Amino acid sequence: MPVHFKHLDSGEIDTTESFFSNQFLRSRINSGAESNEGYDPILAEGRNDEWCEQHWKDVKANELKYDEDVNQYITLTLADLANPKSLAFTNQYTVGIDDDVGQIAVTLPEQIKTYFLYKINADFLLLNLGLFRPDTNILGEAYFDKGESYYFSAAHNLKAVRGGRSGMSDVLEKLAGGFGKYVEILRYMKNSADNFLSFNFKFSKAEMHDLEAALSKAARERKDSGPPRGEETRG
């Protein structure tokens, strides 16, 4: 369900999905990274099955250039930042940016949980590198390989769970292939809009320091304690 909020600057009522969609799409256009660049909407139109099987690599490569679905995914991921229920779930799987998710993944008993682990931490890297790190603008391509790897691993595990490709696995593969591009769009969004998170409370530097310290402590304790109690037996 959409989350309604009031802009602190204008007092207007909006939904998080609408707000972030407008912000993200505007940033795509203004930064020169418009949607569906290079996509051919009629490449496979009217082709028979035999032709599609022979040219499946070309067909898939073309499909990966269509990223309206990625726009929607990133919009909803941003909107989840304002949803406490979503944050409570993602916090179960999020690890530090310098930690290795792969070391945790091998301890999980179910592939669906491995999928969530990779997906949530890939999203965390995307948003962190694009919007939230104080050194975002000077990081360059640091951690890009890790983000790409996490999204590819999430797609692989999802396909294994579902027995093949799905709309979500395709989106995750697109995010993996274009990870750096999407980070740069988010960086542009951050730098060009002072109020991209205007519906959130504004914290003082001291409050932000305390919050970061608390989150870091919680992440260390979660890492030291291993999987949550009962994780091995829950279905």
- Loop-only check: which GluC sites (Glu not before Pro) in the stretch 33-66 are DSSP coil with at most 13 other Cβ within 10 angstrom? 34, 37, 45
- Task: Work out how much length residue 103 to residue 6 would gain on full extension: take 0.36 nm times their residue separation and subtract the Cα-Cα distance, in nm to one decimal.
- Result: 30.7 nm
- DSSP loop (so not H, G, I, E, B), at most 14 other Cβ within 10 Å: list which trypsin sites (Lys or Arg not before Pro) in the stretch 1-77 pass both filters. 47
- Round to a whole angstrom and tell me the spacing of the C-alpha centers of the stretch 107-128 and the stretch 24-72. 26 Å
- Message: Using 0.36 nm times the number of residues separating residue 65 and residue 216, minus their current alpha carbon distance, what extension gain do you get?
- Response: 50.6 nm
- Item | Net length gained if the chain between residue 224 and residue 166 were fully extended (0.36 nm per residue, minus Cα distance) | 17.3 nm
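Values in this text are rule-based calculations from the coordinates and carry no lab data. These figures come from a predicted structure and were not determined experimentally. Every residue, glycine as well, gets a Cβ built from its backbone with ideal geometry; the counts of neighbours run over all protein chains shown.
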